[in-house]
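Notes follow once the structure below has been shown.
Only the coordinates and a few stated rules stand behind these numbers; no lab work does. In this text the structure is predicted, and so the values were computed from the model without any measurement. All Cβ positions, glycine included, derive from the backbone under ideal geometry; neighbour counts span all protein chains shown.
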Amino acid sequence: MSVSFRGVVVAMVTPFRNGALDEAALRQHVDFLIEAGVQSVLPCGTTGESPTLTHEEHNRVVALTVEAARGRVPVLAGAGSNSTSEAVNLAKRAKQDGANGLLLVSPYYNKPTQEGLYQHFLKVAEAGELPVILYNIPGRCGVNILPETTARLAAHPLIVGIKEATGDLNQMIRTIEICPPDFLVTSGDDGLTLPLLGVGGGGVISVAANLIPGPMVAMWQAWEAGDIQKSRELFFQQLPLFKALFLETNPIPIKYALSLTGRMTSEVRLPLCQPSAPVREKLEVLVKQWGLAK
């Protein structure tokens, strides 16, 4: 498979039932997403509640996703950690289990310098021996991968892109400006997908696509076909849902929305909890409007 992570990559939820991994729901979810036409699936990212998965669960989710995907789309496995040695182990295991690429989040809590970030990502990439998408989300990690650091990392043949979740379009533009033309800058926020495409971005790593993969893919395909007006119309149709899915901490709203479709429970692990009543009501209205309620 020629690996590309352009287009709609789904930051998959991890389904739970009675506190344990719901393997049947996970397999069904992978099938649902691929049949809807997504370009790639991503297990064990932020949306997959990777911080509260045990190492055994983490590895199992990646292996199950690879197995369920059956080579139909690439699997971009979350392998980030704030411990470089732990990230190396996760990366090696993801490769062993058949993943096609790695998503590496910035080390959180210990707040490395730009040089520390550079050395961390380089070490994990070389150990994992798979294409790497960096994941820049300062709001969760407390540290920003600056465009100049991204450009340094982009010189490595295995570091092929970055998921940008700073919310700062100026930073994304700067990254596109100074990185090689084939370096992928993809949106980490559904609501910034279209603006980023407009300045040269290559897609989205999407939360909303767990729920509406078909419309997300249609928006991307319209853009790729040069039908900017159609892409814009689809974007604005989806925008109220994008906003609702971040009324509380991700993945609380998306899991509740998915539970309304009957495909899985709304279970999240502490310290996350069920959404508040106003958020539940907003999601119920939107899921019904989209014709997705069970």
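Please state which one of Arg17, Arg27 is farther than 14 Å from Val204 by Cβ, touching a residue at least 60 places away in the same chain (Cβ under 8 Å) and of a type in the set (Lys, Arg).
Arg17
Please give the helices (runs of 4 or more DSSP H) falling wholly within the stretch 191-294 in which 1 or more residues are surrounded by fewer than 21 Cβ atoms within 10 Å (Cβ to Cβ) and either at positive phi or of a type in the set (D, E, K, R) (or both).
Of the helices (runs of 4 or more DSSP H) lying wholly inside the stretch 191-294, those with at least 1 residues that are surrounded by fewer than 21 Cβ atoms within 10 Å (Cβ to Cβ) and either at positive phi or of a type in the set (D, E, K, R) (or both) span 213-224, 228-244, 277-289.
List the pairs whose first member sits in the stretch 257-272 and is under 17 Å from Pro51 (Cα atoms) and without any contact (Cβ under 8 Å) to a residue 40 or more places away in the chain, whose second member is aliphatic (A, V, I, L, M) and surrounded by fewer than 17 Cβ atoms within 10 Å (Cβ to Cβ), and whose Cβ atoms are under 8 Å apart, counting only residues at least 6 apart or on separate chains?
The qualifying pairs do not exist here.
Keeping to the stretch 147-171, report how many residues are more than 19 Å from Phe246 (Cβ to Cβ) and in contact with a Ser or Thr (Cβ under 7 Å, 6 or more places away or on another chain).
4
State all residues of the stretch 188-198 that are in contact (Cβ under 8 Å) with a residue 40 or more places away in the chain and aliphatic (A, V, I, L, M); if no residue qualifies, say none.
Leu194 - this is the single residue of the stretch 188-198 that is in contact (Cβ under 8 Å) with a residue 40 or more places away in the chain and aliphatic (A, V, I, L, M).
If I filter the stretch 206-225 for residues that are among the aromatic types (Phe, Trp, Tyr), touching a helix residue (DSSP H, G or I) at 6+ places or on another chain (Cβ under 7 Å) and over 20 Å from Thr46 (Cα atoms), do I get at least one hit?
Yes, that holds for at least one residue.
Filter the helices (runs of 4 or more DSSP H) completely within the stretch 100-187 down to those with at least 2 residues that are touching a residue at least 12 places away in the same chain (Cβ under 8 Å) and buried (at least 20 other Cβ atoms within 10 Å of the Cβ).
Output list reads 114-128, 147-154, 169-178.
Find the residue count for the stretch 199-218, including only residues that are of a type outside the set (S, T, N, Q), in contact (Cβ under 8 Å) with a residue 60 or more places away in the chain and in contact with a strand residue (DSSP E or B) (Cβ under 8 Å, 6 or more places away or on another chain).
So the answer is 9.
Take the residues of the stretch 39-77 that are out of contact with any Leu (no Cβ under 9 Å at 6 or more places or on another chain) and of a type in the set (Val, Ile, Thr): which is farthest from Lys163 (Cα to Cα)?
Thr54
What is the one condition in (1) of a type in the set (S, T, N, Q); (2) within 21 Å of the chain's Cα centre (by Cα); (3) within 30 Å of Glu57 (Cα to Cα) that Gln238 does not satisfy?
It fails just one condition, (3).
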